[in-house]
Amino acid sequence: QLPVVESGGGLVQAGGSLRLSCAASRSIFRIDAMGWYRRAPGKERELVARITSGGITNYADSVKGRFTISGDNAKKTVWMQMNSLQPDDTAVYYCNAISGYQDYWGQGTQVTVSS
């Protein structure tokens, strides 16, 4: 069983919306933060949004005002609502969970935004 599982990617036209979900395994005792990273073709991986177990959020400047991350500590699940998607948002999106000094990663989900 993968420690982190993403879902919700797909193909959408520019201006459209998608919602990504990520669930961490119950075997991970304590989740300190969960977030989303993305890697676009030819680019380095970048942090998109993160939420701590205390509810503190941070976003990449490029997605502020368009993406919203939320979470449920009891379910060890986070969601990211992505609105006003643009072609530059096309990437593989990876969910990350932090537990102490341990990082857990999902396999990634493809988001493609057509112009």
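The values are calculated or read from the model by the stated rules, or taken from the named source; none is laboratory data. Fair warning: this is a prediction, and the values are worked out from it, not measured in the lab. Neighbour counts are summed over all protein chains in view; Cβ atoms, including those assigned to glycine, are modelled from backbone coordinates with ideal geometry. Note: accessible area is taken over every heavy atom of the protein model, side chains too, but ligands, DNA and RNA are not part of it. Shrake-Rupley method; radii C 1.70, N 1.55, O 1.52, S 1.80 Å.
What tally of residues in segment 7-27 results from selecting those that are within 14 Å of the chain's Cα centre (by Cα), open to solvent by 30 Å² or more (accessible area, probe 1.4 Å) and within 12 Å of Y104 (Cα to Cα)?
Summing the residues that are within 14 Å of the chain's Cα centre (by Cα), open to solvent by 30 Å² or more (accessible area, probe 1.4 Å) and within 12 Å of Y104 (Cα to Cα) in segment 7-27 gives 1.
What pairs can you find where one residue is in segment 37-66 and farther than 24 Å from P87 by Cβ, the other is open to solvent by 100 Å² or more (accessible area, probe 1.4 Å) and at pLDDT below 95, and their Cβ atoms are less than 6 Å apart, with a gap of 6+ or different chains?
Here the result reads S53/N73, each pair linking segment 37-66 to a residue that is open to solvent by 100 Å² or more (accessible area, probe 1.4 Å) and at pLDDT below 95.
Would segment 37-47 turn up any residue that is among the small types (G, A, S), under 12 Å from the mean Cα position of the chain (by Cα) and within 28 Å of Q13 (Cβ to Cβ)?
Within segment 37-47 (the criterion being among the small types (G, A, S), under 12 Å from the mean Cα position of the chain (by Cα) and within 28 Å of Q13 (Cβ to Cβ)), the answer is no, since none of the residues qualifies.
Which ones in segment 55-89 are open to solvent by 70 Å² or more (accessible area, probe 1.4 Å), at pLDDT 95 or above and over 11 Å from the mean Cα position of the chain (by Cα)?
Across segment 55-89, the qualifying residues are I56, D61, K64, G65, Q86, D88.
Would you check if there is a residue in segment 98-112 being over 21 Å from G16 (Cβ atoms), in contact with a Lys or Arg (Cβ under 9 Å, 6 or more places away or on another chain), assigned to a strand (DSSP E or B) and touching a residue at least 24 places away in the same chain (Cβ under 8 Å)?
Yes.
Keeping to segment 22-55, report how many residues are among the small types (G, A, S) and under 18 Å from R66 (Cβ atoms).
Count: 3.
Mind checking whether some residue in segment 66-83 is farther than 25 Å from Q1 by Cα and outside any strand (DSSP E or B)?
Yes, because at least one residue in segment 66-83 is farther than 25 Å from Q1 by Cα and outside any strand (DSSP E or B).
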